[in-house]
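Here is the structure we will look at.
The values are calculated or read from the model by the stated rules, or taken from the named source; none is laboratory data. Every value quoted in this text rests on a predicted model; they were computed, and no experiment measured them. Reconstructed Cβ throughout: ideal geometry from the backbone, glycine too, with neighbour counts over all protein chains shown.
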Amino acid sequence: MTESKLAPGDAAPEFTLPTSDGGSVSLADHRGKRVILYFYPAAMTPGCTKQACDFRDNLGRLTDEGYVVLGVSKDKPAKLAKFAERDALTFPLLSDPELEIHKAYGAFGLKKLYGKEIEGVIRSTFVIDPDGKIEQALYNVRATGHVASLKKKLGLS
């Protein structure tokens, strides 16, 4: 399987995905805004919870600066709804169970886990500019400290 990674300047792949609240979100809905799109392996796991809560805790600052935060996983909307409720997550959680959007963004493929190479979700974050172009493509990010690192890269620290 060939993995295609996105790079700054690339057009962000368009998508429409179901949300935890029964609606749907499209990238096109946010044209004209800067979008932080992050992919995480599984709702309600320790690392993914830490990362989601970091985004939640920094959401005010990010939205004040004009960013929209969207989280994407392969979990079904019902599990995402439980995750959002349990951890008071106030930004959209999107469901991509077929992994089509993960693959379009290069957020699914071979990765190392405990020294073994496996195929799975690659924890990744993308900053998309108001015109729908990739501003930053960050692959293999760490759950802990990622939002602080991202804010630094965005000049918000």
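Figures for the structure shown
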item: Scan of region 74-97 for residues that are free of Cβ contacts under 8 Å to residues at least 24 places away in the same chain, outside any helix (DSSP H, G or I) and more than 17 Å from Leu37 (Cα to Cα), ordered by number; result: Lys76
item: Residues of region 91-120 classified as of a type in the set (Val, Ile, Thr) and at pLDDT 95 or above, total; result: 1
item: Some residue of region 132-140 being among the β-branched types (Val, Ile, Thr) and at pLDDT 95 or above; result: yes
item: Residue check, Leu6 surrounded by 14 or more Cβ atoms within 10 Å (Cβ to Cβ), touching a Gly at 6+ places or on another chain (Cβ under 8 Å) and either closer than 15 Å to Leu138 by Cα or small (Gly, Ala, Ser) (or both); result: yes
item: 2 or more residues more than 23 Å from Gly145 (Cα to Cα): qualifying strands (runs of 3 or more DSSP E) within region 1-71; result: 16-18, 24-26
item: Criterion violated by Gly71 - all others in (1) surrounded by fewer than 20 Cβ atoms within 10 Å (Cβ to Cβ); (2) free of Cβ contacts under 8 Å to residues at least 40 places away in the same chain satisfied; result: (1)
item: Within region 99-157, tally of residues that are surrounded by 16 or more Cβ atoms within 10 Å (Cβ to Cβ), in a strand (DSSP E or B) and β-branched (Val, Ile, Thr); result: 5
item: Scan of region 37-55 for residues that are more than 27 Å from Lys133 (Cα to Cα) and crowded, with 24+ Cβ neighbours inside 10 Å, ordered by number; result: Ala43
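Here is a yes/no grid of residues against (1) β-branched (Val, Ile, Thr); (2) over 14 Å from the mean Cα position of the chain (by Cα); (3) closer than 15 Å to Val141 by Cβ:
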site: Pro41; (1), (2), (3): no, no, yes
site: Phe55; (1), (2), (3): no, no, yes
site: Asn58; (1), (2), (3): no, yes, yes
site: Ala88; (1), (2), (3): no, yes, no
site: Glu98; (1), (2), (3): no, yes, no
site: Gly106; (1), (2), (3): no, no, yes
site: Tyr114; (1), (2), (3): no, yes, no
